[in-house]
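Novice: Please see the structure below; I have some questions.
Just so you know, all these numbers are worked out from the coordinates, no wet-lab data involved. Please read these numbers as outputs of a predicted model, since none were measured by experiment. As a convention, Cβ positions derive from the backbone with ideal geometry for all residues, glycine included, and neighbour counts pool all protein chains shown.
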Amino acid sequence: MDDGGAYRITCCAFNKKGNFLAVGGHDGRVVIWDFDTRMVAKLLIGHVRPVTSVSWSSSGRRLLTSGLDWNLRIWEVGSSNFLFTKTFDSMILHSQLHPSDKEFSLVSPWMDEPYIVNINTGKITSLQFLPSREDYQKRAARHDTNCIAYFNLSGDCIFLGSHEGVISVLDTITLKKLKTIVIGTGYCIKSFSFSKDEKQFLVNSADKVIRLYNIDGALCHELIDAINKVQWKICHFAGDDYIVGASSDKQEHKIFIWSRESGQLHKILEGPNSEVIIDIAWHPTRPIIVSCTALGSIFVWSRQHTDTWSAFAPGFTELEENEEYIEAEDEFDVVDEQETKKKEQEEVNEEWIDITTPEIEDEIILPTHPIPDTFMVPQSIVSPLSKKQAKKRKIQALPPRTTQTKAKPTKRTRKKE
């Protein structure tokens, strides 16, 4: 999918079913693509600055967007109208809808603490990562107060990542701190990602390392590019067995795939170097990766399918070049055995007809003296005669015609002398 470079992309996200892909643009537009037809389904126009994040509701009917214009908007996708708008005191780095409750969302503003926003009432609740507001003001002067907030997949916990490399896990309802994980001093946390079984999560930090943790806080693997030591733009779980990460290098288009179990590098997907990756998304139901670039291109990566022709028949072989083949006359003739037996049985049951011996019929011999025809007057025309007239006119009845048949010859026998 390509927009010819006219539409610069900043972020992307699939809905829960994976049939729609929401793409945020540098000009503030949000384009919703029909992933099956590769056509534009909706165009949402509301932001005046670049869109920083897009987040779908669980039903797929609502879409949350945030941008550098300090605005948070919730859209009704079917009607293309926004249902809620909230303006903050600074530009928004990241926002996310609650996975199951459409009334709440998380907002992570620039140089400020994260907030929980009640969409129905408009009330915002601060998630103070530092002990007091005074500490925030002191650190704001040193530009080290950025904090990113994510819901886990079930929505019962909130993960906060600080500019100093500290992860705090809060209860969503009580906002009570459940645990703290320290990565390292000065390692700014950029994003989180959670597995489907919620047993592990990924942490992308500014020290060029992607860390895989168990949900209890135990470190499993550290994923790095050992050769180039590049920063990572984003990371995700790819199904149940793999982890994908996109390089943020401005001179390459690379997607790294690691094994989730061993942490070993499995494969590197390389695209055109002129297309720098801005964001990637993993399809929720199919083995597909989507990478978005700054020039407006969307690359769809999928597993290459190879046909195994030997499975069709034992004699099938794959040819490198075309070869001339001469087909035998009866090579591909299909003969039905049942039809053949049926025809043979019909031939046996047919009666034998003699067409060579002539049949002798009875001969008819005409008389030697032909009898002349007499004119017969119908009785209905002749008037009735009196007895005297009948005596005078003696009408004789014609004798009936007779046919003579030739007598069959008889065998003569000689008398024994």
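Novice: If I stretch the segment between ILE124 and SER58 completely, what's the gain in nm (0.36 nm per residue apart, minus their alpha carbon distance), one decimal?
Specialist: 21.6 nm
Novice: With N set to the number of residues, divide the alpha-carbon radius of gyration of region 1-93 by 2.2 N^0.38 Å and report two decimals.
Specialist: Normalised Cα radius of gyration, region 1-93: 1.01.
Novice: Between ALA226 and VAL48, what is the FRET efficiency for a Förster distance of 60 Å, r being their Cβ-Cβ separation, to the nearest 0.05?
Specialist: 0.90
Novice: Could you list LYS16, LYS196 in order of exposure, starting from the residue whose Cβ has the fewest other Cβ atoms within 10 Å?
Specialist: LYS196, LYS16
Novice: Tell me the relative contact order for region 224-304 as a rounded percent, counting alpha carbon contacts under 8 Å between residues six or more apart.
Specialist: 21
Novice: For region 224-304, what does the convex hull of the Cα positions come to per residue, in cubic angstrom?
Specialist: Once divided by residue count, the hull of region 224-304 is 88 Å³.
Novice: If the only charges are +1 at each Lys and Arg Cβ and -1 at each Asp and Glu Cβ, what is the size of the charge dipole of region 224-304 around the Cα centre, to the nearest 20 debye?
Specialist: 40
Novice: Please arrange ILE288, ILE298 by counting, for each residue, the other beta carbons lying within 10 Å of its beta carbon, fewest first.
Specialist: ILE288, ILE298
Novice: Please say if region 197-240 is rounded, prolate or oblate, where rounded means a/c under 1.5 for a ≥ b ≥ c the square roots of the C-alpha gyration tensor eigenvalues, and otherwise the choice is prolate for a/b larger than b/c and oblate otherwise?
Specialist: Prolate, since a/c reaches 1.5 and a/b exceeds b/c.
Novice: Go through PRO284, ILE215, PHE316 and say which Cα lies farthest out towards the positive end of the charge dipole of region 190-325; charges sit on Cβ, +1 for Lys and Arg, -1 for Asp and Glu.
Specialist: ILE215
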